[in-house]
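Just so it is clear, none of the values below were taken in a lab; they were calculated from the coordinates. This structure is a prediction, so every number in the text was calculated from the model and none was measured. We place every Cβ from the backbone using ideal geometry, glycine too, and count neighbours over all the protein chains shown.
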Ligand SMILES: [Ca+2]
Ligand SMILES: [Ca+2]
């Protein structure tokens, strides 16, 4: 399920309304699956930008946060520590340009969808996954 851009908490609510949850990535296989998909969309230049707008141009929220304990990233759905991660070089750095903390996580669209911790306040694209299949492929 693909949605437009939201702040992370609105994205969480939106996914819940749809009976799912914010995208969480639990394995290399799932990370590959998701990033390959996002790459394939971004290459579809013949498709009008509006159709996949947020996904061609925007980073994607992951359902993970270190809000309760700095540097200790946990899944939003289960509060378990991340079993898998794919941070880009130098991340997570907990350092936003305005000096604030970074306690939420995105797949960074400009860095081949590697992970970056970012401030939770911005809008990024939201991908929901159904809770039943979240352990398999997302
Ligand atoms: Ca942080
Ligand atoms: Ca960061």
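In terms of other Cβ atoms within 10 Å, 23, 75 run from fewest to most in the order 75, 23. In plain terms, the chain from residue 70 to residue 33 could stretch by 10.4 nm, reckoned as 0.36 nm per residue minus the Cα-Cα distance. Neighbour counts of C-beta atoms inside 10 Å place 39, 74 in the sequence 39, 74, starting with the fewest.
Look at 124, 85 and count the other Cβ atoms within 10 Å of each Cβ; fewest to most, that gives 85, 124.
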